[in-house]
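To start, the structure under review is shown below, and the notes come after it.
The values are calculated or read from the model by the stated rules, or taken from the named source; none is laboratory data. Since the structure is predicted, the reported quantities are computational estimates derived from the model, not experimental observations. Glycine also receives a Cβ, built like all others from the backbone with ideal geometry; neighbour counts cover every protein chain displayed. Please note that ligands, DNA and RNA were not included when accessible areas were found on the heavy atoms of the full protein model with its side chains. Shrake-Rupley method; radii C 1.70, N 1.55, O 1.52, S 1.80 Å.
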Amino acid sequence: MKLERNELEKLLEALHELDVKAAPHGLYAIREYQAKEGELHPEFKMEWELALAPVLKELKCNPPKFTRPVRENVFGFQRTTPLEELAMVRLSKIKVRKFGNQYRVDPHQDFSQRWKESGIEALMTQTMKHPGNILLFIGFSDETEPFVEEFTKLETTKTFQEKMAEPIRRVWDDPHGRGFKVVVSLWYAKG
């Protein structure tokens, strides 16, 4: 039995809760949250261990697969056979810097080209091939409607519309007041 849409929405809710709870870092700097001085957690470790894995466990997805990624940004879970995968992509169009005694978006930096460099299209193609697999995007932008152009271009292709379910997406203001929006988008194959 594959995860249902309402169950998948719980993954996004958990990420939002983690963003709020992980003060002052939030999802933007989550690798620093609860890390030793001068060290960073491995990429996606905190999102997986503190938000996604607990929800999947609650949804009766085999917990033994929770400890290590299948690949660097891909985690396995299993509700039924075969093993399903959750791939994550993280992308920031902004840079947060310390100005005086507060952190905020540096208006002189532009990382809008990062989408093309992210490899998200290749991950989407992989996700389309295996119903039950999930592609989770975590993004940061100071745009009014973050990543709307990129999502539209990706989601209006004929292949996407034939093979993928309607995306689940959440957007919220950074809960730590740094002047940007957080967007999480979840894509999964029909089937």
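Structural remarks
- Residue check for Arg97: open to solvent by 70 Å² or more (accessible area, probe 1.4 Å) and modelled with pLDDT under 75: yes
- In the stretch 146-168, the qualifying residues are those that are surrounded by 12 or more Cβ atoms within 10 Å (Cβ to Cβ) and out of contact with any strand residue (DSSP E or B) (no Cβ under 8 Å at 6 or more places or on another chain), and the one that is nearest to Glu4 (Cα to Cα) is Phe160.
- Tabulated pairs, the stretch 146-175, first assigned to a helix (DSSP H, G or I), second open to solvent by 80 Å² or more (accessible area, probe 1.4 Å) and basic (Lys, Arg), C-beta under 8 angstrom, 6+ apart or interchain: Phe151/Arg169; Lys163/Lys190
- Hey, Thr152 more than 20 Å from Leu59 (Cβ to Cβ) and polar (S, T, N, Q) or not: yes
- Residues of the stretch 46-64 that are part of a helix (DSSP H, G or I) and surrounded by fewer than 17 Cβ atoms within 10 Å (Cβ to Cβ): Glu49, Pro54, Lys57, Glu58, Pro63, Pro64.
- So Leu91, is it assigned to a strand (DSSP E or B), at pLDDT 80 or above and in contact with a Gly (Cβ under 6 Å, 6 or more places away or on another chain): yes
- Residue list for the stretch 119-141, filter: surrounded by fewer than 16 Cβ atoms within 10 Å (Cβ to Cβ) and over 13 Å from Tyr188 (Cα atoms): Gly119, Glu121, Ala122
- Subset of the stretch 118-172 that is at pLDDT below 90 and small (Gly, Ala, Ser) - its residue that is farthest from Val183 (Cα to Cα): Gly132
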